[in-house]
Structure formats: structure tokens, C-alpha cells
1. Would you please name the residue that is modelled with the lowest pLDDT, looking only at residues in segment 142-175 that are touching an Asp or Glu at 6+ places or on another chain (Cβ under 8 Å) and surrounded by fewer than 18 Cβ atoms within 10 Å (Cβ to Cβ)?
2. Within segment 85-95, track down each residue that is closer than 17 Å to V166 by Cβ and either modelled with pLDDT under 90 or surrounded by fewer than 21 Cβ atoms within 10 Å (Cβ to Cβ) (or both).
3. Just need a number here: residues in segment 116-141 that are modelled with pLDDT of 95 or more and either in a helix (DSSP H, G or I) or basic (K, R) (or both).
4. Under 9 Å between Cβ atoms, at least 6 apart or on separate chains: pull out the pairs that start in segment 154-174 with a residue that is at positive phi and in contact (Cβ under 8 Å) with a residue 40 or more places away in the chain and end on any residue that is assigned to a strand (DSSP E or B) and of a type outside the set (V, I, T).
5. Farther than 17 Å from E25 by Cβ, out of contact with any strand residue (DSSP E or B) (no Cβ under 8 Å at 6 or more places or on another chain) and in a helix (DSSP H, G or I): does that describe A113?
Amino acid sequence: MTGQMHLVDFVAGIGNDSTDELLDEMRAIDREANGWVNIRPRPEDNPDPSAADLAPTPPPSPLNIFGRRRAVTIEGTWVPGRARRSPAEPASVGLEHPAGRFAVRQLRDGGLAVPDRWKVVTDHARRGLVLSVPASGSSVDDRAGDLTAIIDWLVAASAILAPDQVTGRWQAEVHTR
């Protein structure tokens, strides 16, 4: 079975939220545990995500193994947990960002803490920030609230870790298997 990918544009921010289509897609993926979603800011002048400004690839060098290729475009990822396993596997939220080390500290200093029930899996300069997000309940409504919180948190975290990239317009890549 081959996977499919399609784009969902949305606007997020104080007083301006159009995430309903994205939430519907995430609920469907969550029910089937058959995909993931990448979320990134959409530049005002170029809606094509493949044209995002990326850092140039440095020339090959033996010292590159000690260097870090800087992620210039911030990108959040959500992968659903697997409720059919015992015990249930929590969802995963990742954030690739240009802010370097100690993203959790930078977020806290910016007024956005990692929610209490979420657990930091890794906070690394190269691998980014990865969080484990347990479901707040077993009902569909509980998990829908979790998905809304995940989108809101990724948008707010992006604004703190890469404020120069956030325009208020977002694009989600919805992948299904």
C-alpha cells in the first residue's frame, strides 16, 4: 500500500483560527493510526513548501561529522499513538527548529512551558525537540481536545523558537499510509 500526502492551509493566532479541516484530518489519522502530520509556517510571498529557504549544504569535509547542519525552517510533526497496544502508546510531537540547544528552557523563558502530562524525550540541537503526549482520556472527545492542544502548542512554540519565520499562515502536510 502506498502512502498519500496532501496539503492543508490554515491560519492560527489570537482571534484567528481556521484549524477545523486540519483537526478533521488528524482525527481520522488518530482513529486509524495510519499516518502523521507536518506543520510549518507558510511564507506570505511563496505558498510552495518545497521552495522554503534552507541552509546551503556545506562542502564535504572530514570535520563535518562534528558540525551541525542548521535547520533554517521550523517544522512541527505529530504522530498518533497506538491505542490498540497494551499499554497504549502515547502520541509523539516533534519540533525541528533553528534555536539550537535547550529548546525547553527557551520556550519556558518565552512563556510557554511543556504541558504537565507531556514528557520530554529529547531536546537536542541537531535532532530537535521530541515530546511524548499521552492521551488525556479514552473518548474521541478527549483525544480531539488533545489534538487542538497539540496544534496550539506547536504554533506557539514555533513563534518563540523562530519568530522571524512565523507569519500566522500555516501549511500542514497530511500523510496517510
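1. T167
2. Passing the criteria: none in range.
3. Final tally of qualifying residues: 1.
4. Pairs that qualify, where the first residue is at positive phi and in contact (Cβ under 8 Å) with a residue 40 or more places away in the chain and the partner is assigned to a strand (DSSP E or B) and of a type outside the set (V, I, T), are G168/P41.
5. Criteria not met by A113.
Let's see how each residue does on (1) at pLDDT below 55; (2) surrounded by 13 or more Cβ atoms within 10 Å (Cβ to Cβ):
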{"site": "M1", "(1), (2)": "yes, no"}
{"site": "Q4", "(1), (2)": "no, no"}
{"site": "A12", "(1), (2)": "no, yes"}
{"site": "G15", "(1), (2)": "yes, no"}
{"site": "D30", "(1), (2)": "no, yes"}
{"site": "N38", "(1), (2)": "no, yes"}
{"site": "T73", "(1), (2)": "no, yes"}
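The values are calculated or read from the model by the stated rules, or taken from the named source; none is laboratory data. Quick caveat: nothing in here was measured; it's all calculated off a predicted structure. Note that each Cβ is placed from the backbone with ideal geometry, even for glycine, and that neighbours are counted across all protein chains shown.
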